[in-house]
Amino acid sequence: MSKLASTVHDNRIVRKKLRSGAAAAFCASIALWATAPGACAQTPANDKMPNLASINFAWLAAGVHWFDPPAGLGRGPIRQDPAHHFHGNLDGPGQVTPDIGNTKDPVLKPWAAKQMQESNDEVLSGKRGLPFVAQSTCHPGGVPGQLLTPAEPFYFIQTPNEVWMIWQRDHMVRRIYLTDQHSEGVKPSWFGESIGHYESDGTLVIDTVGLSTRNSYLDWYRTPHTEKEHVVERFRLTNDGNALEVLVTVEDPDTFNEPLHMVQRWRKVKNPMLESVCAENNGDHFNKNLFPIPQADKPDF
């Protein structure tokens, strides 16, 4: 078994233990790790490692839709269908409307546009009360979709060999291995296999492959992808360390006619991690034909 594969196996066991504990114990484990010899959560070992991690602060998303990339960089994200005006929770008084992606966007391959239109039609016809949203149905958001998780913050743990991204929402954990080579024959999974490094200006660069496709989308418009999806993320601190920004590039030649470039932003908030269990109160009480939450066929143990 390769070193990276062994680490992945070990950390899957750690994840199960972490998810089964209470939030207080979870935060305590982070604190112990942060103060352990060689850990870099609070005091980076060198000027190349930005201070992203703390048990005293977190990162809260600026919204649920991607921002445009810098001018001249390339093709931006999928947008709302102009025929269906969007009115969100933060847009003042008025009826909130669903996310209806623009399936006529020429960047989409025909199969992807067709799949998105079928999802749109379900909502517009009333067959579904709400479209599929990973974070609202207790699914992992995938890469890069998990970065759009709203309302609840996420946290970093930084060590010399790994970076962990931990969302308060259901305590989803994504691991980035600080190495320069992917494993051979990566088996597709929710968050794929992510490797990364720090650049001289403190930018954290993450390269991800091996992403599964079922209920996995790039955005809230249900933009799909294939297992050929390749994602590169460039995280950097802004506003004197009080804000965080990522530039995401998605390549998938079987889904898009050219790479997509997207930006997400967060602000630093003083939020100790709380326990947030997604699977509670999971009934479709108003008969809206909502997407069900994941349920195991048999107990884990």
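Summary of computed values
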quantity: Odd one out for residue 245 among (1) among the acidic types (Asp, Glu); (2) crowded, with 18+ Cβ neighbours inside 10 Å; (3) within 17 Å of residue 64 (Cα to Cα); calculated: (2)
quantity: Segment 127-145 - residue that is assigned to a loop (DSSP other than H, G, I, E, B) and among the aliphatic types (A, V, I, L, M) and, of those, farthest from the chain's Cα centre (by Cα); calculated: 130
quantity: Candidates 222, 265, filtered to the one that is part of a strand (DSSP E or B) and touching a residue at least 24 places away in the same chain (Cβ under 8 Å); calculated: 265
quantity: Qualifying residue in segment 90-113 (condition: crowded, with 17+ Cβ neighbours inside 10 Å, in a helix (DSSP H, G or I) and of a type outside the set (Lys, Arg)); calculated: yes
quantity: Positions within segment 250-262 being buried (at least 16 other Cβ atoms within 10 Å of the Cβ) and free of Cβ contacts under 8 Å to residues at least 40 places away in the same chain, in sequence order; calculated: 252
quantity: When residues of segment 272-290 are limited to those that are hydrophobic (A, V, I, L, M, F, W, C) and at pLDDT 80 or above, the one surrounded by the most Cβ atoms within 10 Å (Cβ to Cβ); calculated: 273
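Conditions (1) among the β-branched types (Val, Ile, Thr); (2) in contact with a Leu (Cβ under 7 Å, 6 or more places away or on another chain); (3) over 25 Å from residue 228 (Cα atoms), marked per residue:
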| site | (1), (2), (3) |
| --- | --- |
| 50 | no, yes, yes |
| 55 | yes, no, yes |
| 75 | no, yes, no |
| 109 | no, no, no |
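The values are calculated or read from the model by the stated rules, or taken from the named source; none is laboratory data. Everything numeric here is computed off the predicted structure, so don't read it as measured data. In this analysis, Cβ positions are derived from the backbone assuming ideal geometry, glycine residues included, and neighbour counts consider all displayed protein chains.
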